Structure formats: structure tokens, C-alpha cells
Amino acid sequence: MRLTADDRLDIIELPGWYADALDTRQPELLRQVFTVDAVWEVVGALRLEGLDAIMEFMGRDDVHPGAHIMTNIYIALVEEQPDGTPLVHLKSRGIYPVGPSDRMNPTAVFYGRYDDDVVRTADGWRIRHRRYRYGAR
């Protein structure tokens, strides 16, 4: 199943929209990122089901690092679902500075990777399931 260039651009922009929504503390912008029935999880630790639960959690100041820097974004696989629509497997990595950020007091970072299932909706491409894993693997 082939994607158009416009499809690919829309899909690979999703991690950027996600990061900006969290960093600007505007969880309502996640409507441009996730399906209504989306699942967001830290594998083995936390699972959120539904867009409302995701937005509520992402709107909390106590759960986020200072910034989300998204990188290594690519479409790993496109497959056809039983209904004939495409399911896109999107991969990306995140780097998250925490703590003060100036040359006299360097910022620490942590990092991880995302594995996303992306589907086309009436409103455009959206993440249906986002899995986060700490570290490089």
C-alpha cells in the first residue's frame, strides 16, 4: 500500500504537534494528533485509554520534562487493515531536557522511543496507539 507525499508529510508531522502541545501546555491541541479512542502508554508502566484521558494527563504540570525534542522520525511499515484502509507504523525518538538550562548549570536529559500506529480519519492522519519505551531500544 503506497502513501502520497502529502500523506507522508502529514504523518511525520504528528510527533512535532505532540511535542508542542505538551511543551506549551495546550493539551487540547492533541485533538490534531490522536484518534478519539487512542491509547497512549509507557510500556510496562502506564496505559491511558481515550483522548479525554490522554489530554487530562498531558495537561498536568507534574508529569512532563521541560521540553520534548523529537527526532529520528520515519515510517517503518504501511500495511492494509482488514477494511482495506492503511495502518502506518511510525517510529521516532524523544530527548527530554530536565532541570536548569544554562551554561553554568547544565541540563540533564533522558530519552526514549515511540512506536505509533497511525490511521487516516475524517479529520486527517491520527495516532491510534502510542507506545513509549525508555532508553535506546
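The values are calculated or read from the model by the stated rules, or taken from the named source; none is laboratory data. If you're wondering where the values come from, they're calculated on a predicted model, not measured in any experiment. Here the Cβ is made from the backbone with ideal geometry for all residues, glycine too, and neighbour counts use every protein chain on show. Side chains included, ligands, DNA and RNA excluded: accessible areas come from the protein's heavy atoms. Shrake-Rupley method; radii C 1.70, N 1.55, O 1.52, S 1.80 Å.
Do we have any residue at all in segment 77-89 that's among the acidic types (Asp, Glu), without any contact (Cβ under 8 Å) to a residue 60 or more places away in the chain and surrounded by 15 or more Cβ atoms within 10 Å (Cβ to Cβ)? Within segment 77-89 (the criterion being among the acidic types (Asp, Glu), without any contact (Cβ under 8 Å) to a residue 60 or more places away in the chain and surrounded by 15 or more Cβ atoms within 10 Å (Cβ to Cβ)), the answer is no, since none of the residues qualifies.
Note on segment 93-114: among residues that are under 16 Å from Asn72 (Cα atoms) and hydrophobic (A, V, I, L, M, F, W, C), the one that is surrounded by the fewest Cβ atoms within 10 Å (Cβ to Cβ) is Phe110. Hey, any hits in segment 97-108 for a residue that's touching a Lys or Arg at 6+ places or on another chain (Cβ under 8 Å) and not aromatic (Phe, Trp, Tyr)? No, every residue in segment 97-108 fails to be touching a Lys or Arg at 6+ places or on another chain (Cβ under 8 Å) and not aromatic (Phe, Trp, Tyr). The set of residues from segment 1-38 being under 22 Å from Tyr134 (Cα atoms), in contact (Cβ under 8 Å) with a residue 60 or more places away in the chain and open to solvent by 20 Å² or more (accessible area, probe 1.4 Å) comprises just one member, Ile12.
Filter segment 115-137 down to the residues that are at pLDDT 95 or above and exposed (fewer than 15 other Cβ atoms within 10 Å of the Cβ) and list them by number. Matches in segment 115-137: Thr121, Ala122, Asp123, Gly124. Scanning segment 64-115 for residues that are of a type in the set (Val, Ile, Thr), over 15 Å from the mean Cα position of the chain (by Cα) and under 25 Å from Pro27 (Cβ atoms) yields Val98, Thr107, Val109. Give Arg93, Arg128, Arg113 a once-over and let me know the one that is in contact (Cβ under 8 Å) with a residue 12 or more places away in the chain, of a type in the set (Lys, Arg) and more than 20 Å from Asp23 (Cβ to Cβ). Selected residue: Arg128, the only one of Arg93, Arg128, Arg113 that is in contact (Cβ under 8 Å) with a residue 12 or more places away in the chain, of a type in the set (Lys, Arg) and more than 20 Å from Asp23 (Cβ to Cβ).
Somewhere in segment 93-112, is a residue touching a helix residue (DSSP H, G or I) at 6+ places or on another chain (Cβ under 7 Å) and part of a strand (DSSP E or B)? Within segment 93-112 (the criterion being touching a helix residue (DSSP H, G or I) at 6+ places or on another chain (Cβ under 7 Å) and part of a strand (DSSP E or B)), the answer is no, since none of the residues qualifies.
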